[in-house]
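Reading through the structure tokens given below for one structure.
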């Protein structure tokens, strides 16, 4: 049966190990139309970096609109081990991080391996402590995401690096200094680490070809609230004038555009009618335009937007690109949509070479998908059929649940801790919209 500790503290624990990784599965029954209203929480891809940014200022910073997801708990434990006190109140969506005057500097492997976003503490630790020992990260199995741009940018600012026993060790005993940095690719992670390091560096740092995601803007806005001086928010160039110190603040996390886009795709695939509150259409322009091409009706509301669908979707081609292009984090959901759409489509993945791993699981449900390099060719089918499948990452897991919602019979989705990493109260919200989904014990899942 489901773990009774869920929602009241740490996520489900593997018996006898102290692990914070959930081992439950989802049992999804297809055939129901989704209808109702959901509220989008704060963005997973923002709040984790805001938590890292809080380390830059001694004292208690408060982050609001925090999603109740596993990744927040993992990051909270990491921040605690660095010496901060953390008060997380998931029911209120509020997190207080009280940062000491002297920070620890070691980010242990047992946490970093579970979540790649943990690397975001690298910049703040070098800036505050002058040293950082960060285990090489793990996270989703969606492809290689090297740290070269993080390291090269920080080296330009005066840091030195070595690798030892699985740790990346950075030192800047004399502090960091301003530099001119050009990113070969608009990497979100590199942009975040370099900006967080630059705010306390001596002099001016100019970073060109930065990532432009709303989550980057959110991070920079919080840093500016803390006393940083960052210009160029939302553009491809950020100019950072270093300051002597920062102060704690209260900051609300930007809404999660990927969760909003996921619910919109769920309305489309189930011929549903979902109103999505606390969502910004401006953060999802290309994805929503693709849904309109698929036959969806989208209406702006006072607090978000409404998505309605009354027919089988039409196939749509997708090409993932850095923001403001089509987000890679919505690619699996749209492959699931195309799997039951009318017509043939091609999805091109330009960011993560292993993101198509979940296609093998989707074909177990009867989907007609063929991959060739970074292209996937999908011929839509009217019907899918339930089967046991395995989530390989956060978004792939949700894509498989989407397929299960329109498949005949039941679909068992294993390794749902991935979904718990990115989607708050997922089963509750989905059930509230009329979907049939329940958590089951892994032993039950194995025999399903």
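Descriptive notes on the structure:
- Each principal axis of the Cα atoms in the stretch 314-378 has its own extent, and those three values, largest first, are 31, 24, 17 angstrom.
- Folded to 0 to 90 degrees: helix 188-198 orientation relative to the chain principal axis, Cα: 20 degrees
- Label-to-label distance for residue 208 and residue 280 is 2.7 nm, based on points extended 7 Å past Cα in the beta-carbon direction.
- Counting only alpha carbon atoms, the long axis of helix 214-225 and the longest principal axis of the chain meet at about 30°.
- Over the C-alpha atoms of the chain, the Rg to Rh ratio, Rh being the Kirkwood estimate, stands at 0.97.
- Taking N as its residue count, the alpha carbon Rg of the stretch 44-252 over 2.2 N^0.38 Å: 0.91
- Put simply, when 268-278, 176-186 are sorted by average Cβ atoms within 10 angstrom per residue, most first, you get 268-278, 176-186.
- Cα centroids of the stretch 261-282 and the stretch 93-133: 35 Å apart.
- Spin-label pair residue 346-residue 94: with each label point 7 Å from Cα along the Cα-Cβ axis, the two points sit 5.3 nm from one another.
- Gap separating the Cα centres of the stretch 378-399 and the stretch 298-343, nearest whole Å: 16 Å
- Peptides 279-289, 330-340 ranked from most to least packed, by the mean per-residue count of other Cβ atoms within 10 Å: 330-340, 279-289.
- Expected-Rg normalisation [2.2 N^0.38 Å, Cα atoms] applied to the stretch 256-319: 0.99
- Highest-first arrangement of 196-204, 343-351, where packing means the average Cβ count within 10 Å: 196-204, 343-351
- Beta-bridge orientation, the chain: approximately 70 percent antiparallel, per DSSP, counting only bridges with both partners inside.
Laboratory data are not the source of any read-out in this text; all were calculated from the coordinates shown. Every value quoted in this text rests on a predicted model; they were computed, and no experiment measured them. Cβ coordinates were reconstructed from backbone atoms using ideal geometry, including for glycine residues, and neighbour counts include every protein chain displayed.
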